[in-house]
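Reviewing the structure listed below.
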Amino acid sequence: ISAGDSDTYHESSKRNCADTAITRFAYLNQMTLNEYKRGQGIGSHVDTKTAFDDGLISVSLGADSVMEFREQTSGIRKLVHLPPRSMLLMSGPARYSWEHMIVSRGTDLVNNRLIPRQTRISLTLRTGITLPYEENTVKPLDLVQSRD
């Protein structure tokens, strides 16, 4: 792409991302709020196809963290910095072919800078799979609340 074409390319990319997001995340019906204390992580996992449809949005609030992705067959590893107020969109292979986790530790190294972990709030939005309830409708998911 030449320098003169870059604005057109970026605008086209934005439109394609927006179109994909609108279709992929059109039926979000579940949100999970988690609080991760200093040093807490998320165990390594691959999302299940039987409980949730494709497409997940995660919003990180409060503090930095680093999410690790590991491709199951090749073992390729990628680290993704999640700064405060960031949004992560995951779908397709990112959810179902790559293990993802946040390692439990007190600090993260980002761009050669050591960042101490603090409390992080995560809002995760996704589409729970529901069964047909009546003709052309679905039964709403039950509201579930938990407290420590």
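Worth a mention:
- Filtering the range 28-54 to residues that are among the hydroxyl-bearing types (Ser, Thr, Tyr) and either modelled with pLDDT of 95 or more or assigned to a loop (DSSP other than H, G, I, E, B) (or both) leaves Tyr36, Thr48, Thr50.
- Scanning the range 116-148 for residues that are at pLDDT 95 or above and either open to solvent by 50 Å² or more (accessible area, probe 1.4 Å) or touching an Asp or Glu at 6+ places or on another chain (Cβ under 6 Å) (or both) yields Pro116, Gln118, Thr119, Ile121.
- Members of the range 72-106 found to be touching a Lys or Arg at 6+ places or on another chain (Cβ under 7 Å), surrounded by 14 or more Cβ atoms within 10 Å (Cβ to Cβ) and in a strand (DSSP E or B), listed by number: Trp98, Glu99
- Qualifying positions in the range 45-71 - open to solvent by 40 Å² or more (accessible area, probe 1.4 Å), within 14 Å of the chain's Cα centre (by Cα) and within 27 Å of Gly106 (Cβ to Cβ): His45, Val46, Leu61
Table: residues versus (1) touching a residue at least 60 places away in the same chain (Cβ under 8 Å); (2) more than 15 Å from Leu123 (Cα to Cα); (3) of a type outside the set (S, T, N, Q); (4) in contact with an Asp or Glu (Cβ under 7 Å, 6 or more places away or on another chain).
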| site | (1), (2), (3), (4) |
| --- | --- |
| Ala26 | no, yes, yes, no |
| Gly39 | yes, yes, yes, no |
| Ser44 | no, yes, no, yes |
| Phe52 | yes, yes, yes, no |
| Gly62 | no, no, yes, no |
| Ser65 | no, no, no, yes |
| Arg70 | no, yes, yes, yes |
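The values are calculated or read from the model by the stated rules, or taken from the named source; none is laboratory data. Predicted model only: the values in this text are computed from it and were never measured. Counting neighbours? That spans all protein chains shown, and the Cβs are built from the backbone with ideal geometry, glycine included. Heads up: the accessible areas ignore ligands, DNA and RNA and are worked out on the full protein's heavy atoms, side chains in. Shrake-Rupley method; radii C 1.70, N 1.55, O 1.52, S 1.80 Å.
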